[in-house]
Amino acid sequence: MINKVDKDNGFISLAIKTINSNAEFVIRNNNINQIEWSENTTPIAKADIEVKQTELQAEYDAQEYARARDVSYPSLKEFAEAYTEKEIGGDDAKWNEYVTKYNKVRTDNPKS
């Protein structure tokens, strides 16, 4: 999954690294027009970087539901407590509450 840092820098670095994983460069002011290529790296055309940025943005956008779910799901601690009480203690109240919360997150954040 593409991370927020990649998105915040406009996917410039990730686009370059996706095109050429061995590229060595410096981006000044987070500006695609201010890329300094090392002498060991053949410069990549700005148009090629922009095409890759668009692809990466689309991939990032398509995963919005997953990022929203990730922060909304009940915690693993809640899961462990609910499961343990259900399996060992025979009380499924917390388990039912956990399942309800879990399903709500999925309903509130559907895969588009």
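Throughout, read-outs are computed from the coordinates displayed, never taken from laboratory work. Keep in mind the model is a prediction, meaning the values are calculated, not measured. Virtual Cβ from ideal backbone geometry, glycine too; neighbours counted across all protein chains shown.
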Task: Distance (nanometres) between label positions extended 7 Å along Cα→Cβ at ASN31 and LYS104 - done: 4.8
Open item on the list: Using only the Cα atoms of the range 4-62, what are the Rg and Dmax in Å?
Closed with: 10.9, 36
Open item on the list: Using Cα-Cα distances under 8 Å and only pairs 6 or more residues apart, what relative contact order does the chain have, in percent?
Closed with: 22
- [ ] May I have the convex hull volume per residue, in Å³, for the Cα set of the chain?
- [x] 123
- [ ] Go ahead and run the numbers for FRET between ALA47 and ARG67, Cβ-Cβ distance against an R0 of 22 Å, rounding to 0.05.
- [x] 0.15
